[in-house]
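Undergrad: Let me give you the structure first, and then I'll get to my questions.
The values are calculated or read from the model by the stated rules, or taken from the named source; none is laboratory data. What you are looking at is a predicted structure, and each value in this text was computed from that prediction instead of being measured. With ideal geometry, Cβ positions are generated from the backbone for all residues, glycine too; neighbour counts draw on all protein chains shown.
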Amino acid sequence: MIDYARITVKAGDGGDGAGSFHHIKGKRRGKADGGSGGNGGNVYCQATFNLNTLEPYRFVKDYNAWDGQRGAPNLRKGANGEDLVLKVPVGTMVKVQSAKFKVQSEEPKFSRDKLSTSDIDFDLASEGDKILVARGGQGGRGNAYLRDEYGRRPLSGEKGELGESVNLILELKLIADVGLIGLPNSGKSTLLAALAAAKPAIAPYPFTTLEPNLGVLNKSSKSIKGTKSTKSLEEWKETLGTRGTHEARDTLVLADIPGLIEGASAGKGLGDLFLRHVERTKILLHLIDLATNSEKFADYQTIRNELTTYSKDLPAHSGLKPSGSKTGGHGLVKKREIIVLTKSDLVSKEKAKLTVELFKAKKKRVVLISCVSQEGLKELAEMLFKLKES
């Protein structure tokens, strides 16, 4: 999955103004009639559900809008340059580095009288969100619109302004209700396959999941084996922008995040490469494998420590739609959480019961499940929808 890209965009230059004089027989020069140049095209980023990854920006790194045309005699204005609209997936964070900017929306929070030269993050979290990332240069005035202090017209027009050239960092964060986290081989992909309409790669070795997977859990199903949505994931993504519909209220989108290990925040294993995808989720499912010989609460603490370390490094976002809480990334460790004890069919009932009591004593929400026997899956699904509605 391509979920991170660095690109450079260049807005169009303004066209030069024309230097021209009306021809009058017997006179050296008539009245100045040079037209102004056209404005350069702007560069925008716009969110769309028609893209799932940042794959289009993997190899092509430079993008240019059209320049404005130069002015012409007889007061003819040059044509404006065509704008360039870069389409990105819904959920993309756009960081504009060292650029002036403004937001284009129904109720803009920034306008041209509020400029900045510092880096800024914009969160394109809804279909159609659009921001201006590079402004085209203004066209130069023709000599018909110029004169000196004595009223004389110059022989040439103004030069057009250069368009802005900026660096952009594009970072995709999946739009999902529930994030599945845990150590490698804790059963995240198996649970996603059991609950939702997804077919992730599943194998008994660490780091089977190399990229996030999405699935859809339908509330109306009467049994867990029937909880798979009849919609394809692509069809569901088209409805994500209409969260007020009955179908959206009765459906949960789950994201399976590749396994974390101790030291992930420092780059070990797969590192924190994919943790950005759980920043938007409302609920975290923390999966713990009962079949291992490790201390279960220590396993839990390992992942929580990595989430805490990752969260401390996250800035508070500003822009079109801020991401995270008002305190920045700290909202990641404060999300509602369910402890899911997996593979209960591989351990004794006594061991499973003691582990459940251990987490309940810590005042944690805990569910015991087995994807093989279907134990606890219905209870887990009901708990998820109850938390979503609360």
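Undergrad: Of the residues 294, 318, 348, which is surrounded by fewer than 17 Cβ atoms within 10 Å (Cβ to Cβ), at pLDDT below 90 and within 27 Å of residue 373 (Cβ to Cβ)?
TA: Selected residue: 294, the only one of 294, 318, 348 that is surrounded by fewer than 17 Cβ atoms within 10 Å (Cβ to Cβ), at pLDDT below 90 and within 27 Å of residue 373 (Cβ to Cβ).
Undergrad: Those residues that are in contact (Cβ under 8 Å) with a residue 24 or more places away in the chain and assigned to a helix (DSSP H, G or I), I need them from the stretch 281-307; list them, please.
TA: Those that are in contact (Cβ under 8 Å) with a residue 24 or more places away in the chain and assigned to a helix (DSSP H, G or I): 296, 297, 299, 300, 302, 303, 304, 305, 306, 307.
Undergrad: What tally of residues in the stretch 32-59 results from selecting those that are touching a residue at least 12 places away in the same chain (Cβ under 8 Å), of a type outside the set (Ser, Thr, Tyr) and part of a loop (DSSP other than H, G, I, E, B)?
TA: Total satisfying the criteria: 15.
Undergrad: Report whether or not residue 54 is modelled with pLDDT of 90 or more and within 19 Å of residue 166 (Cβ to Cβ).
TA: In short, yes.
Undergrad: Here's another thing I want to ask about it. From the list 197, 144, 203, exactly one residue is modelled with pLDDT of 90 or more and either hydroxyl-bearing (Ser, Thr, Tyr) or over 22 Å from the mean Cα position of the chain (by Cα) (or both). Which is it?
TA: 144
Undergrad: Next question. Quick check on my filter: what residues within the stretch 61-85 are more than 22 Å from residue 142 (Cβ to Cβ) and buried (at least 18 other Cβ atoms within 10 Å of the Cβ)?
TA: Residues satisfying the conditions are 64, 65, 84.
Undergrad: Looking at the stretch 351-380, which of its residues are touching a strand residue (DSSP E or B) at 6+ places or on another chain (Cβ under 6 Å) and small (Gly, Ala, Ser)?
TA: Listed by number, the residues that qualify are 352, 376.
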